[in-house]
Structures are given as structure tokens and as C-alpha cells.
Amino acid sequence: MTTDTQTSQTVAEQFVERLGKQDPNGIQELFAEEIDWYVPGSDALSWTGPRTRREEVAPYFTTMWPHFVPGKSEVVLERLIVDGSDVVLLAVWTHTVVATGKEFTTPAAMHLKVEDGRIVRLHLYEDTLTVDKAFNAG
């Protein structure tokens, strides 16, 4: 089932707002029970990979966020593109890794799909090599 553009826009805006507040439970509430989630990256980063259930959403954020130095992250949302049930967020983020002190910046795209007012798909596209290098001490 598809969702109209306005509903998708509203859900995406709620997602971005809750992300900005670092509200993992609020973000999780926006997702359907069964999801198609994929975040690429090194197996060494415990938050990367697929997820299939709503209850896996909040732990993604609570596992990832502590790896970044508080107050040293910047997320710039450049565009929010909505077409029916599909939403694409184009952003650039900069983080500093706690373990290495390395700062990295990567452009990113996130594809969300909204059905019945809930997010059923999240696929992230980012420069995983840049991220991986920032997490390596060498």
C-alpha cells in the first residue's frame, strides 16, 4: 500500500525532528512493526547492517551515538524530496569519533518509504570508507 505525499512529508519531518533531538524511542515509534532497514559499513561497527523489526530501531541509535563526541557533530539537511510514499533526505554530516579523536565528514542520502503513516524502509547511503578510516586508530 502506498501513502500520499503529504503524509510521507509529515512522517519524514517528524523523523528529522526526533533525530535532531536524539530521541531514539520517538524515532522508533515512527516505524512499522516489520521494516526493511539497511545501513552499510564495516562489520567492526556494531550498528551497521540490516534490521527487520521496529524494536531494533532505538538500539541502533543508542549503540551508535556514544561513539561520537557530544557537541562535536553537525548534520546539515540539504534537501527533503517526497514523491508519494518515497522520501529521500540529502544531508552532510560531520562527527568526531570518541575512540580516535578523528573528525570525518560525509555526504549522505537516506531513502525512506512510508506506508499507512509508518516508515517501512530506511536505506542509508554514505561514504563508508571515510567512516571506517575515522574509526581506525592508524
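Assorted remarks:
- Contacts under 8 angstrom Cβ, first residue in the stretch 1-15 being closer than 11 Å to VAL88 by Cα, partner modelled with pLDDT of 95 or more and among the polar types (S, T, N, Q), 6 or more apart: SER8/SER85
- Residues (of a type in the set (Ser, Thr, Tyr) and either buried (at least 16 other Cβ atoms within 10 Å of the Cβ) or touching a residue at least 40 places away in the same chain (Cβ under 8 Å) (or both)) located in the stretch 99-136: THR106, TYR125, THR128
- Matching residues in the stretch 1-48 - criterion: being at pLDDT 95 or above, among the small types (Gly, Ala, Ser) and over 16 Å from ASP86 (Cβ atoms): GLY26
- Where ASP43 falls short, out of the listed (1) more than 21 Å from ARG79 (Cβ to Cβ); (2) touching a residue at least 24 places away in the same chain (Cβ under 8 Å); (3) in a loop (DSSP other than H, G, I, E, B): (2)
- Screening SER46, SER42 for residues that are touching an Asp or Glu at 6+ places or on another chain (Cβ under 7 Å) and either surrounded by fewer than 14 Cβ atoms within 10 Å (Cβ to Cβ) or over 25 Å from ASP4 (Cα atoms) (or both) leaves exactly one candidate, SER42.
- Some residue of the stretch 1-20 being surrounded by 12 or more Cβ atoms within 10 Å (Cβ to Cβ) and over 19 Å from LYS113 (Cα atoms): no
- Pairs meeting the criteria (first residue in the stretch 66-84 and more than 25 Å from ILE119 (Cα to Cα), second residue hydroxyl-bearing (Ser, Thr, Tyr) and surrounded by 13 or more Cβ atoms within 10 Å (Cβ to Cβ), beta carbons under 6 Å, at least 6 apart or on different chains) are VAL69/THR96; LYS72/THR96.
- Counting only residues that are part of a helix (DSSP H, G or I), in contact with a strand residue (DSSP E or B) (Cβ under 7 Å, 6 or more places away or on another chain) and among the polar types (S, T, N, Q), the stretch 77-136 holds 1 of them.
- Taken together, GLU55, GLU33 contain a single residue that is out of contact with any Asp or Glu (no Cβ under 6 Å at 6 or more places or on another chain), in a strand (DSSP E or B) and farther than 19 Å from LEU129 by Cα, which is GLU33.
The values are calculated or read from the model by the stated rules, or taken from the named source; none is laboratory data. Note that the coordinates shown come from a computational prediction; the quantities given were computed from them, not determined experimentally. Ideal geometry is used to build each Cβ from the backbone, glycine not excepted, and the neighbour counts take in all protein chains shown.
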